[in-house]
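The values are calculated or read from the model by the stated rules, or taken from the named source; none is laboratory data. Quick caveat: nothing in here was measured; it's all calculated off a predicted structure. Virtual Cβ from ideal backbone geometry, glycine too; neighbours counted across all protein chains shown. Note: areas computed on protein heavy atoms with side chains; ligands, DNA, RNA excluded. Shrake-Rupley method; radii C 1.70, N 1.55, O 1.52, S 1.80 Å.
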Amino acid sequence: MMEINFLAESDRACWEVLARGKDTYFKVERGDDAYERTWRRLLDDERIRGIAARLDGEMVGIAHYLFHASVWYAGKCYLADLFVNAEVRRRGIATAMIEWVARDAREHGFPGLYWNTLEDAPARALYDKVGKFHEGLIHYAYRRDANQASTRR
């Protein structure tokens, strides 16, 4: 039986195993302080939320999301992380988690749900079913060091 609920203080160790698994999969390196800071945010910040999916009581998936204002819409919800243990993938867990987040966001006045993923991510098979792909949309992230030379006086 699958259950999805908000993360609780007692979930810390299991959450970190999955969070580190996600980072390993995406080749992201973080220090222990980053996991601690994120854990505190997930429990203490009303705009940042974390959920866990459990199969027969065992945590097998996590999702992190946040609510934010939008210039043109009532509000948006950004699904920052979604990770399911490789041993239990393709059982509907990720789909159920996305639907759970969408429902929570809608109930709190943030009806627009969106996320980013890598072009070659295997999860795109699911995302193409439950989401709308925006052909041609390109994601940019500000790179401070690239602009330092032009802003020096």
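Each residue, residue 25 and residue 89, gets one label point 7 Å from its Cα in the Cβ direction; the gap between the two is 0.6 nm. For residue 7, the residues whose amide H sits under 5 Å from its own are 50, 51, 52, ignoring neighbours fewer than 5 places away on the same chain, with H placed 1.01 Å from N.
Leaving ligands and nucleic acids out of the surface, order 56, 45, 104, 145 by accessible area at 1.4 Å, largest first.
56, 145, 45, 104
In the stretch 1-66, which chymotrypsin sites (Phe, Trp or Tyr not before Pro) are in a loop and have at most 15 other Cβ atoms within 10 Å, using DSSP for the loop call?
On the way: sites: 6, 15, 25, 26, 35, 39, 65; in loops: 26.
Here the sparse-neighbourhood loop sites are 26.
From the protein chains alone at 1.4 Å, what is the descending order of accessible area for 10, 70, largest first? Display every interim value, and only then the final one.
Numbers: 10 105, 70 35 Å².
My answer, sorted largest first, is 10, 70.
Sequentially through the stretch 73-82, phi angles give Karplus couplings (6.51, -1.76, 1.60; θ = phi - 60°) of 10, 4, x, 10, 10, 9, 7, 7, 9, 9 Hz, Gly and Pro residues having no value and appearing as x. Of the whole protein surface, residue 44 contributes about 110 Å² of accessible area at a 1.4 Å probe radius.
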